[in-house]
Amino acid sequence: MVMKEVLDRILNHETLTREETRDILVGITKSEFPMEQITALLTGLQMRGITVDELLGFRDGILETGVPVPLECDRYIDVVGTGGDRKNTFNISTTACFVIAGAGYKVAKHGNYAATSTSGASNVIANHGVKFTDDLDRLNRCINECGIVYLHAQLFAKAMKFVGPIRKALQFPTCFNLLGPIVNPSKPQCQLLGVATLDQMRLYSNVYQKIGIDYGIVNSVDGYDEISLTGDFKVKTNQYERVFKPADLGFDIAKPEELVGGATEIEAKEIFDRVLANTALPAQKNIVLANAAFGIQVLERGGKSIDECIEIARESIDSGRALQTFRKFVELNS
């Protein structure tokens, strides 16, 4: 593929096919293009706006050149946010994953270190002494014995290291910021995704429909890339599209300061621990319950009402099973 021709097309506002962006990604991993051309490509796509097929092509290339994770499990979910909302919330998605697993469902959580917040999923996991691994036997043992496995992105998406220096130098978001949620190397059949804008909700909805998985996409109208309970929030799934109020779920409106993950990784870890131990602020627990509940509803293919799913999530925390699940996870991965 000749990158000059690709760049000419982008400058003319033409789009690329899924196969073409897949080939570009593979070419990047083979060092076929100079950094200047990759920089121009990412800048041009960001200015024009990436299409669904272009994004899927990059996804195809990342999964093809990365480390696959075939899990011996029929149905499992990933709960993740796009990041970049700059709200510095505590680890809501990660905590919700252990609540879902504590309720008896299977979870393959894909995550990384923090980019724009104090503590990302990998930070809070590592601060409990967990050692990340790409050993398939260990990963399968983990999901089979405690219902959840953690996939640290840097061990699997090998292509990302080729564009890392460019992304850092550009200092603005690129299409690679959109890829994190859809390159889980285990290819989960279900996903709950938090997005910061309604434009992203539309984009990912089209992506998921083409991938063919069960999904839920959530966005809080005040810009959180998760269900924050600070106001109204929108949910789009395979079955419905609806705006909820916290009261619709039986929850009070949360204050933004109740969601903050703290100034240090240790403070974020302590909030995570308190939620699982059922000693957190009511708002912190409720926010995790809400996100876990919509994840459970996705797993149930919409067969349970959101009220039923909230009670399943609540029982996971109140019974201590969410905490027991996390302790077993740490034991298996330390």
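Percent of Cα pairs in region 44-192 per distance bin of 10 Å, from zero to the largest separation: 10, 41, 37, 11, 1.
To the nearest ten degrees, helix 92-102 and the longest principal axis of the Cα atoms of the chain are 60 degrees apart. Sorting 278-291, 320-333, 215-228 by average packing, meaning the other beta carbons within 10 Å per residue, from highest down gives 215-228, 278-291, 320-333. Under the Karplus relation 6.51 cos²θ - 1.76 cosθ + 1.60, θ = phi - 60°, what is the ordered set of whole-Hz ³J(HN,Hα) values for region 153-168, x standing for Gly and Pro? With the stated coefficients, region 153-168 comes to 3, 5, 7, 10, 8, 5, 5, 4, 5, 6, 10, x, x, 5, 4, 5 Hz.
Under the combined filter of DSSP loop state and at most 15 neighbouring Cβ atoms within 10 Å, region 71-143 retains these trypsin sites (Lys or Arg not before Pro): Arg75, Arg86, Lys131. Within region 1-40, the GluC sites (Glu not before Pro) that combine a DSSP coil assignment with at most 12 other C-beta atoms in a 10 angstrom radius are Glu14. Highest-first packing order for the peptide set 186-193, 200-207 is 186-193, 200-207, based on the mean count of other beta carbon atoms within 10 Å. For the chain, the share of accessible area belonging to carbon and sulfur comes to 49 percent (1.4 Å probe, ligands and nucleic acids excluded). The tail of the calculated P(r) for the chain, taken as Cα-Cα distances beyond 38 Å, holds 13 percent of the pairs.
The 3J(HN,Hα) values that the Karplus relation (6.51, -1.76, 1.60; θ = phi - 60°) gives for region 19-32 are, in residue order, 5, 5, 6, 4, 5, 4, 4, 4, x, 4, 5, 9, 6, 7 Hz. Gly and Pro appear as x. Compared with the direct C-alpha span, the chain from Met47 to Arg9 gains 12.3 nm at full extension, assuming 0.36 nm per residue.
The amide H of Asp78, built 1.01 Å from its N in the peptide plane, has Ala108, Cys190, Gln191, Leu192 as neighbours under 5 Å, considering only residues 5 or more places off or on other chains. About its Cα centre, region 261-334 has a charge dipole of approximately 120 debye under the convention of +1 per Lys or Arg Cβ and -1 per Asp or Glu Cβ, with nothing else charged. Compactness of region 176-251, taken as the C-alpha radius of gyration over 2.2 N^0.38 Å, stands at 1.10. For region 122-188, applying the loop criterion from DSSP together with a ceiling of 13 other beta carbons within 10 Å to the chymotrypsin sites (Phe, Trp or Tyr not before Pro) yields no site.
The values are calculated or read from the model by the stated rules, or taken from the named source; none is laboratory data. A quick note: this is a predicted structure, and the numbers were derived from the prediction, not measured. All Cβ positions, even for glycine, are placed from backbone atoms using ideal geometry, and neighbour counts span all protein chains on display. For accessibility, only protein heavy atoms count, side chains too; no ligands or nucleic acids. Shrake-Rupley method; radii C 1.70, N 1.55, O 1.52, S 1.80 Å.
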